[in-house]
Amino acid sequence: MSEWSVLLVDDHPLMRKGISQLLKFEPEFSNITEASNGTDAIAEVSRAEPDLIVLDLNMKGLSGLDTLKALRSEGCTATIVILTVSDSPNDIHAIVQAGADGYLLKDSEPEELIDKLKVAMTGQKAFSEQVKAFLSSSESHESPLQQLTERELEILQQVAKGFRNKQIGEQLYISESTVKVHLKNLLKKLGVDSRVAATVLYLENEASS
């Protein structure tokens with residue numbers, strides 16, 4: 001049986017404690033730590049390298065979205081699931097595009113929340129039913145490239161120009177290993193398994209826009 005370390009990030013202590021208690025009943029979740037804001041969360045991720053991050057969206061200081069972007073830009077490969085009260089289409093789009101692995105609503109039943117987090121840890125996306133319905137209805141109007149974060153799109157643009165990972169890192173002032181992480185994530189999001197296939201998608205999108 002797999003065991004996953006967890007970081008809970010929420011500026012409400014009661015919410016953190018409640019979720020922590022839920023997770024402790026599940027043997028798959030271990031070493032549960034907490035952070036009350038985005039800045040502390042980034043430091044904790046660097047220190048502990050959790051497998052799963054459950055992240056509130058609306059926090060004082062660094063928002064959940066900015067925290068998510070910062071983590072992904074630093075090459076964080078943990079599964080990150082947003083847990084929020086907001087079902088705003090703008091929030092949903094922004095979070096999905098920033099590289100979250102799930103978007104769950106705080107009014108979810110406890111059993112559903114646990115099940116969805118386990119789903120996220122298997123590599124699938126974890127969305128509340130309302131979120132899933134919204135995404136399905138808007139999918140047909142979107143380019144697949146809209147799933148990518150700003151950094152991932154920058155890297156794809158460099159790939160399309162024929163640059164290798166080391167060259168891309170030099171162009172964007174990031175390490176070659178970080179380029180590899182972003183490249184792996186963007187290939188997964190686009191549903192392709194090679195740089196060539198990703199380049200074809202990118203060029204087709206450019207031609208049609």
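The values are calculated or read from the model by the stated rules, or taken from the named source; none is laboratory data. All values derive from a computational prediction rather than experimental measurement. When we count neighbours, we look across all protein chains shown, and the Cβ atoms used for this are built from the backbone with ideal geometry, even at glycine. Side chains included, ligands, DNA and RNA excluded: accessible areas come from the protein's heavy atoms. Shrake-Rupley method; radii C 1.70, N 1.55, O 1.52, S 1.80 Å.
Dipole magnitude for segment 47-92: about 120 debye, using +1 per Lys or Arg Cβ and -1 per Asp or Glu Cβ, origin at the Cα centre. Taking the Cβ of MET59 as the center, what net charge do the other residues with Cβ under 10 Å away carry, scoring Lys and Arg +1 and Asp and Glu -1? For residues surrounding MET59, the net value is -3.
So for segment 1-121, what percent of the C-alpha to C-alpha distances run longer than 26 Å?
9 percent
Projection of the Cα convex hull of the chain, averaged over all directions and equal to a quarter of that hull's surface, yields 11.9 nm².
Take each peptide in 39-51, 146-158, count the other Cβ atoms within 10 Å of every residue, and average; sorted highest first, the result is 146-158, 39-51.
If the limit is 20 Å between Cα atoms, which of LYS118/LYS180; LYS125/LYS188; LYS60/LYS106; LYS125/LYS161; LYS166/LYS189 go over it?
Details: LYS118/LYS180 26 Å; LYS125/LYS188 12 Å; LYS60/LYS106 18 Å; LYS125/LYS161 30 Å; LYS166/LYS189 22 Å.
Where the Cα-Cα span goes over 20 Å, the pairs concerned are LYS118/LYS180; LYS125/LYS161; LYS166/LYS189.
Reachable aspartates and glutamates from LYS184, Cα under 13 Å, same-chain residues fewer than 8 places away excluded? Within the straight-line limit of under 13 Å, LYS184 reaches these aspartates and glutamates: GLU152, GLU176, ASP193. Taking chymotrypsin sites (Phe, Trp or Tyr not before Pro) in DSSP loop states with no more than 12 other Cβ atoms inside 10 Å as exposed sites, the chain has its longest site-free stretch at 26-172.
Please report the relative contact order for the chain, taking Cα pairs under 8 Å with a sequence separation of at least 6, and give it as a percent rounded to a whole number. Mind showing how you got there, number by number?
On the way: 282 pairs, mean separation 29.7, N = 209.
In percent, rounded to a whole number, it is 14.
Expressed as a whole percent, the accessible area of the chain that falls on carbon and sulfur atoms is 50 (1.4 Å probe).
Rounded to the nearest 10 degrees, the inclination of helix 129-139 to the longest alpha-carbon principal axis of the chain is 10 degrees. Simple rule: put +1 on each Lys or Arg Cβ and -1 on each Asp or Glu Cβ in the chain, find the dipole, and look at LEU117, ILE92, LEU183; the Cα lying farthest toward the positive end is LEU183. Net charge dipole, the chain: roughly 620 debye, given to the nearest 20, about the Cα centre with Cβ charges of +1 for Lys and Arg and -1 for Asp and Glu. Taking a point 7 Å out from the Cα of GLN130 in the direction of its Cβ, the residues of segment 11-53 whose backbone N falls within less than 20 Å of it are 11-12, 15-16, 19. Taking 0.36 nm per residue of separation and subtracting the current Cα-Cα distance, fully stretching the chain between SER143 and LYS180 would add 11.0 nm.
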